[in-house]
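Trainee: I have a structure here, written as structure tokens, and I will follow up with some questions on it.
The values are calculated or read from the model by the stated rules, or taken from the named source; none is laboratory data. Since the model is a prediction, treat every value here as computed from it, not as a measurement. Please note: Cβ atoms are built from the backbone with ideal geometry, for glycine as well, and neighbour counts cover all protein chains shown. For the accessible areas, the whole protein counts, side chains as well, though only heavy atoms, and no ligand, DNA or RNA atoms are used. Shrake-Rupley method; radii C 1.70, N 1.55, O 1.52, S 1.80 Å.
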Amino acid sequence: MRMRKKKWARPELAASPFFVDEPEQLLGKWAGSFRKKQPVYLELGCGKSPFLAEMGLLHPEINFIGIDQSADVLGVARRNISAAYERAGEEVGNILLCAYHIERLPAIMNENDRAARIYINFCNPWQKKKHHKRRLTYPIFLRMYKQLLEDGGEIWFKTDSDGLFEDSLGYFAQEHFALLRKTYDLHAEKEWPENVLTEHEILFSSEGIPIKAAIFRKGND
Ligand SMILES: C[S@@+](CC[C@H](N)C(=O)[O-])C[C@H]1O[C@@H](n2cnc3c(N)ncnc32)[C@H](O)[C@@H]1O
């Protein structure tokens, strides 16, 4: 669903210390842009990101980068993150946001910007076959993520879509990712390592749709 234009989003983002206006300038230098040097987790298509706000506070030992193509959506994410940190009496020192198309990730990150983990939460399922190649789990994307993941790095994937989930299990296998965990009903799982809810996860589960999830580890090829 397309979001209505938010006139305040761009100016607020431009004034924010945790929004990166020209991410190309950080190519190879993301680690040095955080307050502390520590492992990096990426969220691709982060949306309004109550997820990042909660994860950032739960894990001060991790630096988070949230990327979304829409500045309007990121304007809301910025407000959500600021409000959560303010409530906790903390400053936002371990999250950076940027507006970018995931297709163009290699223009802003290279082998010096390795991530220990990538989250893909509720990406667009692109149901029509002719659009499958736009899926953020499609093999061409997975090959790109492999360049950015540390050895042993992981991708954590959640979706409401049965079709996207089944196809994605195939895409990850094709690209030699090891499947560590999978579930067809995440909220019924007792043993899942950690699950922080995303905006779309709350929406879909309130409609009774089971959440599918999987964790993959980068292979050695
Ligand atoms: C369905 S929302 C999910 C948001 C959030 N991850 C969640 O779980 O609530 C998908 C988000 O991905 C973003 N997005 C879709 N395709 C993208 C792309 N190719 N590059 C960057 N962002 C993308 C959209 O702007 C949107 O905010």
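Trainee: Which condition does Trp126 not pass, out of (1) farther than 25 Å from Lys37 by Cα; (2) open to solvent by less than 80 Å² (accessible area, probe 1.4 Å); (3) in a helix (DSSP H, G or I), if it passes all the others?
Mentor: Among (1) farther than 25 Å from Lys37 by Cα; (2) open to solvent by less than 80 Å² (accessible area, probe 1.4 Å); (3) in a helix (DSSP H, G or I), the lone unmet condition for Trp126 is (3).
For every residue, the table says whether it meets (1) at pLDDT below 95; (2) of a type in the set (A, V, I, L, M).
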{"site": "Lys6", "(1), (2)": "yes, no"}
{"site": "Ser16", "(1), (2)": "no, no"}
{"site": "Asp21", "(1), (2)": "no, no"}
{"site": "Leu26", "(1), (2)": "no, yes"}
{"site": "Ala31", "(1), (2)": "yes, yes"}
{"site": "Val40", "(1), (2)": "no, yes"}
{"site": "Leu44", "(1), (2)": "no, yes"}
{"site": "Gly47", "(1), (2)": "no, no"}
{"site": "Phe51", "(1), (2)": "no, no"}
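Trainee: Sticking with this structure for a sec: Starting from the stretch 131-148, keep only residues that are aliphatic (A, V, I, L, M), then list their pairs with residues that are surrounded by fewer than 16 Cβ atoms within 10 Å (Cβ to Cβ) whose Cβ atoms are within a distance under 7 Å, requiring at least 6 positions of separation or different chains.
Mentor: Pairs found: Ile140/Lys133; Met144/Pro106.
Trainee: What pairs can you find where one residue is in the stretch 23-35 and part of a helix (DSSP H, G or I), the other is open to solvent by less than 80 Å² (accessible area, probe 1.4 Å) and of a type in the set (Ser, Thr, Tyr), and their Cβ atoms are less than 8 Å apart, with a gap of 6+ or different chains?
Mentor: Pro23/Tyr100; Leu26/Ser33
Trainee: Then there is this: Going through the stretch 63-77 one residue at a time, which ones are touching a residue at least 40 places away in the same chain (Cβ under 8 Å), within 15 Å of the chain's Cα centre (by Cα) and more than 9 Å from the ligand (Cβ to nearest atom)?
Mentor: If the condition is that a residue be touching a residue at least 40 places away in the same chain (Cβ under 8 Å), within 15 Å of the chain's Cα centre (by Cα) and more than 9 Å from the ligand (Cβ to nearest atom), then Ile65 is the only one that fits.
Trainee: So which residues in the stretch 1-43 are of a type in the set (Phe, Trp, Tyr) and more than 29 Å from Glu154 (Cα to Cα), if there are any at all?
Mentor: Listed by number, the list holds a single entry, Trp8.
Trainee: So which residues in the stretch 84-97 are of a type in the set (A, V, I, L, M, F, W, C), closer than 20 Å to Trp156 by Cβ and either touching a helix residue (DSSP H, G or I) at 6+ places or on another chain (Cβ under 6 Å) or not assigned by TED's automatic domain parsing to the domain that holds Leu57 (or both), if there are any at all?
Mentor: Ile95, Leu97
Trainee: I want to confirm something. Restricting to the stretch 9-20 and keeping residues that are open to solvent by 80 Å² or more (accessible area, probe 1.4 Å) and in contact (Cβ under 8 Å) with a residue 60 or more places away in the chain, which single residue is farthest from Gly56 (Cα to Cα)?
Mentor: Ranking the candidates gives Arg10 first.
Trainee: Being outside any loop (DSSP other than H, G, I, E, B) and crowded, with 22+ Cβ neighbours inside 10 Å is the filter; apply it to the stretch 45-62 and report the residue that is farthest from the ligand (Cβ to nearest atom).
Mentor: Gly56
Trainee: Answer yes if at least one residue in the stretch 184-202 is among the hydrophobic types (A, V, I, L, M, F, W, C), surrounded by fewer than 18 Cβ atoms within 10 Å (Cβ to Cβ), within 14 Å of the ligand (Cβ to nearest atom) and in a helix (DSSP H, G or I), and no otherwise.
Mentor: The answer is yes; a qualifying residue exists.
Trainee: Then there's this: Determine, yes or no, whether Ala107 is surrounded by 22 or more Cβ atoms within 10 Å (Cβ to Cβ) and within 14 Å of the ligand (Cβ to nearest atom).
Mentor: No, not satisfied.
Trainee: Sticking with this structure for a sec: Quick one: would you say Asp221 is of a type in the set (Asp, Glu) and assigned to a loop (DSSP other than H, G, I, E, B)?
Mentor: It is true that Asp221 is of a type in the set (Asp, Glu) and assigned to a loop (DSSP other than H, G, I, E, B).
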